[in-house]
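Accompanying notes for the structure given below.
Nothing in this text is a laboratory measurement; each read-out follows from the coordinates by a stated rule. What you see is a predicted model, and the numbers here were worked out from it, not measured in a lab. Heads up, the Cβs are rebuilt from the backbone with ideal geometry, glycines too, and the neighbour counts pull from every protein chain shown.
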């Protein structure tokens, strides 16, 4: 046979699919012993050379890294991934990305896809309420590293920011500048630690300043401009209207400001607004938005280094690292 | 009933086609809620078990689709990928994304990674000047589909927008509103068809209106806010300053506007500015930016359908499809 023999040639000869050949060669357990033997013999006869991945598998490494994020098209996740790439590409790894759209079933599928792609490690900002699918990663002996959104699991390192402090400093700034009727928009599933902690920071700041926590001032939404408009619609139909909004999302903060302006309510004179994440648009708007920076590039780089440190020093392998970055309040025009 | 229940058994019982049963079970959105419910109930009653792996093995499919984009964190590429996901997830495919950062070597690595991951197809917005790495995809008998940025290759379908028309309509709008000294910022490698075509549209519109093409009015930059500022710095140190800027990137247009405003040059009274891509921020700025919409969601959906149509109809397999979407000029405040 001329040219390089591929799994497609083997498949053709044996009248089975290329996927079956691939699975047999890669030791997938869903292949019968008979088929495996048949494939291995044909591969040998045809002088098949396993590709780089197959060879790497023998050595235990593919040099592929899987990343799972809720969504790719925000500056925050884009920057975390950039940080991961900076550190990991330099070490010869290539990054494959999947998005979960905040959907637990989708995230489970992403995990399955990445395990099947033989990645060396999975970095995840998890949207799951349970850790069932995540456990599969550990069962497959693939290192798992959380960033931004983590679950409490044994033997899994994480790099997050201190979301409690982020929520606290945002709320305290509103109080310090004279606001007393401060609404909070959760902007994501409260089951996730990041949103729970930002809310807890908000609550604690109110308590420390002897301001009553009012249930009707706390709204749960998704993270979108439209939801910010809707939130203002609800909050400004209350008998006692808020004088400030702390949103756990910049997109919701932007929508809130747009809706306030549409109602001729002056920002920040009548209502102050703070977002979260320091998305670039918060800075280049005419009415720039006060927000909390999460240092995503640093988060990605740090998460990569945690993994590399585990892998290159076998004695570190089972040391669980928990890195917590400090957030920073960025003062702009949407607060007094 | 004896033996394993198949979709054919369900189809027979309900007197509908097996394809409809399959679509209903796989969550295809083109199935009515009524039919979906009927199928799911029958499947439950008949104790039907879907065996995804078996199906995949029979068809020789991994059900993974690879996507390569220059960068993930723009609304444009995020929306194309959303369009791909909408169509492909419904058919049981899962999407793996890689980014090339406009780097040919990185793109070649991405291609290698995706081939090794046994994806069923690769959708790419290519940053490559040569088609050497892309040829490897075809050699591996993996379908390749271009979107946005294509290369001229045999047997590869593509979904693009008419970038020539986009460039032409933007420039014509500037001429129609009285501008005569129109600069053009290429905002990406001129070797890529999209930038070459937008520039050609600019050139043609000038020619059709008997306006001289001036070399010093055409700048090559990358797509970033900083580069837009730098471009204004160069253009406004020319002896004869432009009265309009057509940028092939919204980010460069934004940077240009910021720098013009910093120099107290009034937009659009003294200088009109047009961007390209209709990124969301162009709409929610105080001085909203006139731009060219590329319909990215539609682009993603169409590219997915081109692939699915090839795969499900073997006779279409070698028909090269070239879909060109029409761009649309979105008028906002940055032009007169």
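Some points to look at:
- Cα gyration tensor shape of segment A:163-293, rounded if a/c is under 1.5, else prolate or oblate by comparing a/b with b/c: rounded
- Beta-bridge orientation, chain B: approximately 10 percent antiparallel, per DSSP, counting only bridges with both partners inside.
- When the Gaussian network model of chain B links Cα atoms closer than 10 Å, the mean-square fluctuations of B:113, B:35, B:160 top out at B:35.
- 7 Å along Cα→Cβ, label-point gaps from residue B:135 to other copies, nm, shortest first: 5.1
- Under a Gaussian network description of chain A, with springs only between Cα atoms under 10 Å, the residue in A:219, A:40, A:192 that fluctuates furthest is A:40.
- When chain B is treated as a Gaussian network with alpha carbon springs shorter than 10 Å, the biggest mean-square fluctuation among B:132, B:181, B:172 belongs to B:132.
- Here is the size of segment B:226-331 from its Cα atoms: Rg then Dmax, 19.2, 62 Å.
- Sorted from shortest to longest, the distances between the residue A:200 label points of this copy and the other copies are 6.0 nm, with each point 7 Å from Cα along the line through the beta carbon.
- Mean separation of Cα contacts under 8 Å (6+ apart) over length of segment A:7-50, as relative contact order %: 34 percent
- Distances between every pair of Cα atoms in segment B:272-318, grouped in 10 Å steps from 0 to the bin holding the largest one, split as 24, 29, 20, 16, 10, 1 percent.
- Between copies, the label points of residue B:215, set 7 Å from Cα on the Cα→Cβ line, lie 7.4 nm apart, reported in increasing order to one decimal in nanometres.
- Label sites at residue B:153 and residue A:262, each approximated as a point 7 angstrom past Cα along Cα to Cβ, lie 4.5 nm apart.
- Stretch gain in nm, segment residue B:211-residue B:234, where the contour uses 0.36 nm per residue and the Cα spacing is subtracted: 6.1 nm
- Shielding by partners - mean other protein chain Cβ count within 10 Å, residues of A:113-121: 4
- Chain A: relative contact order in percent, alpha carbon pairs under 8 Å with at least 6 residues between: 16 percent
- Segment B:7-50 - Rg over Rh from alpha carbon coordinates, Kirkwood radius: 0.90
- Whole-angstrom Cα spans of segment A:190-255 along principal axes, big to small: 32, 31, 17
- Restricting attention to the protein assembly as shown, close to 10% of DSSP beta bridges with both partner residues there are antiparallel.
- Segment A:163-293, relative contact order in percent, only Cα pairs under 8 angstrom and at least six apart counted: 25 percent
- Reported to the nearest whole Å, the Cα centre-to-centre distance from segment B:273-314 to segment B:195-262 is 22.
- At R0 = 30 Å, FRET efficiency that the Cβ-Cβ distance of residue B:44 and residue A:220 yields, to 0.05: 0.35
- Equivalent ellipsoid semi-axes - Cα gyration tensor, the protein assembly as shown, angstrom: 43, 35, 25
- For the pair residue B:139 and residue A:141, a Förster radius of 35 Å applied to the C-beta separation gives a FRET efficiency near 0.55, rounded to the nearest 0.05.
- Normalised by 2.2 N^0.38 Å, where N is the number of residues, the alpha-carbon radius of gyration of segment A:227-280 equals 1.03.
- Computed [θ] at 222 nm, deg cm²/dmol, the protein assembly as shown (DSSP H ≥ 4; -39,500 (n - 2.57); rounded to nearest 500): -13500 deg cm²/dmol
- Dividing the radius of gyration of the alpha carbons in chain A by their Kirkwood radius gives 1.11 for Rg/Rh.
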